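The structure under discussion appears below in the form of structure tokens.
The values are calculated or read from the model by the stated rules, or taken from the named source; none is laboratory data. Since the model is a prediction, treat every value here as computed from it, not as a measurement. Heads up, the Cβs are rebuilt from the backbone with ideal geometry, glycines too, and the neighbour counts pull from every protein chain shown.
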């Protein structure tokens with residue numbers, strides 16, 4: 001038994017509410033169960049109850065055992081002075097106010113049906129993956145779709161916090177924020193942190209000034225990454241190294257330590273050399289990306305804008321000093337889809353939020369054009385009956401798994417509450 005189950009019972013009145021009596025055997029009538037705020041202080045605020053014919057207005061605190069009042073040191077906290085009812089599963093100790101009057105107690109287990117308890121135990125019993133895996137097919141489609149939309153925007157709000165932090169670091173320069181965010185996501189999971197550090201090490205004013213020469217951008221990115229520290233006779237390598245030494249001296253750029261970029265387990269098209277060269281090619285092609293990206297509304301428009309290639313050297317190389325067969329290394333649509341998910345949609349959402357604009361419907365429609373992601377989470381949900389048709393749905397289901405299922409927050413999840421309610 002968890003305390004959040006008691007919160008659920010009280011919040012939705014999932015117990016016998018007629019003929020309620022306190023532990024002191026006084027008649028109890030619930031006029032209003034209170035507002036569930038989920039923050040510090042009592043669990044429910046502004047409740048209204050009638051005890052023994054007298055109406056009370058105040059707060060309600062809920063515990064598994066009444067002795068938890070003292071285990072949680074509520075007697076020392078003024079926020080609990082206005083508690084008018086203590087709702088517990090087991091009443092093992094009397095609790096007193098500062099004026100020495102006893103706080104009335106409702107022992108909830110005396111009024112909860114066996115069916116409600118059984119459904120709770122079924123929902124929270126150990127499963128192979130998530131608690132409700134065997135019940136997902138019972139869900140009403142309307143409830144699922146509404147919850148997916150809520151999950152999607154919760155995910156965007158979390159991602160926006162990183163963007164707001166970058167805005168502070170860059171003195172509200174949205175172009176600089178976009179560059180840093182793109183760099184991080186060009187690095188994917190393996191090199192994302194290293195690429196983030198590289199992008200932060202180069203003032204964006206330098207990127208603006210040097211963007212007209214792709215080789216200068218490559219020199220800065222490769223140099224900060226430590227990829228020019230080796231010794232090769234390769235002419236292109238030596239040219240980038242000379243450019244890099246000149247540029248860091250010209251702009252007085254300090255080379256701070258960054259994480260080592262990794263090649264291991266990457267297919268050649270995802271080598272950090274190729275991704276950094278593609279990033280340089282993108283900013284060589286478009287020096288004012290933010291002003292264009294912020295208004296994009298379709299995948300096709302993004303594909304056209306980001307269809308950038310690295311400098312010619314990388315069409316026949318994956319590594320310095322090692323020629324390979326020629327291949328045009330444009331950003332693929334599947335890679336751009338990842339940039340839409342992790343860069344373009346979040347920055348559009350954050351910008352609109354700061355500007356006081358509502359673009360929720362537009363973002364949902366945008367992501368419905370993007371193919372569904374393929375990963376273990378999405379595959380598992382499909383196995384248990386929820387198949388995602390587009391990236392809007394996959395993003396929602398990833399949020400559900402990571403922020404609710406993994407944290408066992410079934411009673412904060414609309415799907416968990418719906419499954420309990422229907423049974």
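Of all residues being out of contact with any strand residue (DSSP E or B) (no Cβ under 6 Å at 6 or more places or on another chain) and part of a strand (DSSP E or B) in the range 37-61, which is surrounded by the fewest Cβ atoms within 10 Å (Cβ to Cβ)? Just the residue, please.
54
Test each condition in (1) without any contact (Cβ under 8 Å) to a residue 24 or more places away in the chain; (2) in a strand (DSSP E or B) for residue 64 and report the one that comes out false.
Every condition holds for residue 64 apart from (1).
With the checklist (1) touching a strand residue (DSSP E or B) at 6+ places or on another chain (Cβ under 8 Å); (2) modelled with pLDDT of 90 or more; (3) farther than 16 Å from residue 103 by Cα in hand, flag the one item residue 1 doesn't pass.
(2)
Would you confirm, using the coordinates I've provided, whether residue 269 is assigned to a helix (DSSP H, G or I) and in contact with a helix residue (DSSP H, G or I) (Cβ under 9 Å, 6 or more places away or on another chain)?
Yes; evaluated as a whole, the condition is true for this residue.
For the range 371-397, name all the residues that are in contact (Cβ under 8 Å) with a residue 60 or more places away in the chain and either crowded, with 20+ Cβ neighbours inside 10 Å or outside any helix (DSSP H, G or I) (or both).
Correct list: 381, 384, 385, 386, 392, 393, 395, 396, 397.
Which of the numbered conditions does residue 148 fail, given that it passes all the others? Conditions: (1) crowded, with 17+ Cβ neighbours inside 10 Å; (2) farther than 30 Å from residue 292 by Cα; (3) outside the structural domain of residue 28 (by TED's automatic domain parsing).
Unmet for residue 148, out of (1) crowded, with 17+ Cβ neighbours inside 10 Å; (2) farther than 30 Å from residue 292 by Cα; (3) outside the structural domain of residue 28 (by TED's automatic domain parsing): (2).
Only one of 143, 177 is under 30 Å from residue 394 (Cα atoms), crowded, with 23+ Cβ neighbours inside 10 Å and outside the structural domain of residue 286 (by TED's automatic domain parsing); which?
Matching residue, one of 143, 177: 177.
Step by step: first the residues of the range 290-302, then only those that are part of a helix (DSSP H, G or I) and under 25 Å from the mean Cα position of the chain (by Cα), then the one that is nearest to residue 275 (Cα to Cα). Which residue is that?
So the residue we want is 302.
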